[in-house]
1. When you scan the stretch 129-167, how many residues do you find that are surrounded by 14 or more Cβ atoms within 10 Å (Cβ to Cβ), assigned to a helix (DSSP H, G or I) and not aromatic (Phe, Trp, Tyr)?
2. Find the strands (runs of 3 or more DSSP E) located wholly in the stretch 19-90 whose residues include 1 or more that are surrounded by 15 or more Cβ atoms within 10 Å (Cβ to Cβ) and charged (D, E, K, R), and list them.
3. Taking the stretch 109-143, which residues are among the acidic types (Asp, Glu) and either under 27 Å from Asn60 (Cβ atoms) or modelled with pLDDT under 70 (or both)?
4. Quick one: which residue in Tyr86, Tyr90 is within 18 Å of the chain's Cα centre (by Cα), at pLDDT 75 or above and of a type in the set (Phe, Trp, Tyr)?
5. Could you say whether any residue in the stretch 5-26 is within 18 Å of Leu134 (Cβ to Cβ), modelled with pLDDT of 75 or more and not aliphatic (A, V, I, L, M)?
Amino acid sequence: MKNQLLILVILLLTSSCFPVKIAPNIENHKITTAKKFKRKLPKETSFIFNDPKDDGEFYNYLNAKYSLYHVNVGANTPFKIDNKTYYLSYRETERETKTVNLALAAIDAKRESNGNSRLFEDNYSKRVGKWYILLTVYDDALKNCLKPEHPSNKKVINYLEALRKEYLRTQNYLELQFKKRS
């Protein structure tokens, strides 16, 4: 019985990975301070969502949607809601999920102490990244429209949610030029 328990513990240790970092899974969107989401970002309230598409796709989407001709794309891009102008900026960032397999490191340490070479040296940890889009919106008075106290908060959030949905379902960004402008 003791041998079976020992074998079970060894199997669990060798096949299990321990998470060190976990990238969040945002179902629709999240509104929070960018610095709370990732330390290196500024302290500004942002609209954040998962980006399952390739790097640079959101740039291409904004460029086509607002006919920017590759000038200041994503840097204070103007748009209107109820004849009032707002300015949209975006960032792309990655968060990683990192897991560590301590059993493989222990096996290699034991092998090395016996004078043998390491077998699992490159397999101690595994990283998988997820990409996110962070949107910020300011008005003419340079007030962040995503803060709850801003009078246009709900309208701007609804607009950004519609923008997110359109981005995720659109494959050919040129077709955006044939749609009615918002």
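The values are calculated or read from the model by the stated rules, or taken from the named source; none is laboratory data. Note that this is a predicted model, so its numbers are computed, not measured. Positions of Cβ are backbone-derived with ideal geometry, glycine not excepted, and every protein chain shown enters the neighbour counts.
1. Counting residues in the stretch 129-167 that are surrounded by 14 or more Cβ atoms within 10 Å (Cβ to Cβ), assigned to a helix (DSSP H, G or I) and not aromatic (Phe, Trp, Tyr) gives 9.
2. Passing ranges, in order: 30-33.
3. Glu121, Asp122, Asp139
4. Tyr90
5. No, the stretch 5-26 contains no residue that is within 18 Å of Leu134 (Cβ to Cβ), modelled with pLDDT of 75 or more and not aliphatic (A, V, I, L, M).
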